Amino acid sequence: MAHKFIIKKDAKGEYRAYFSYNSESIFWTEGYSSKAGAQNAIDSIKSNGPGAPVDDQS
């Protein structure tokens, strides 16, 4: 698949949602204290745009 969302924990321990296309990060969210916060950001993005799979790498 050419595009996907990825949830990762950053160096500060915050969760960020990234949108990747052809293995390149196109954009990412602010840091969230919980994985649920990052997932909510993805859900918001997906409701306003085309569907994409979620690859949770946290």
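Just so it is clear, none of the values below were taken in a lab; they were calculated from the coordinates. Here the structure is a predicted model, which means the values were calculated and not measured. Cβ placement follows ideal geometry from the backbone for every residue including glycine, while neighbour counts extend to all protein chains displayed.
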*Which net charge results when you count Lys and Arg as +1 and Asp and Glu as -1 among the other residues whose beta-carbon is under 15 Å from that of residue 35?*
-2
*Translational D in µm²/s for segment 3-56 (Stokes-Einstein at 4 °C, 1.567 mPa s, Kirkwood Rh from C-alpha pairs)*: 118 µm²/s
*Paramagnetic label zone (point 7 Å from Cα along Cα-to-C-beta, residue 9; backbone N under 11 Å) in segment 35-49*: 35
*In degrees, nearest 10, range 0 to 90: what is the angle between the Cα axis of helix 35-47 and the longest Cα principal axis of the chain?*
20 degrees
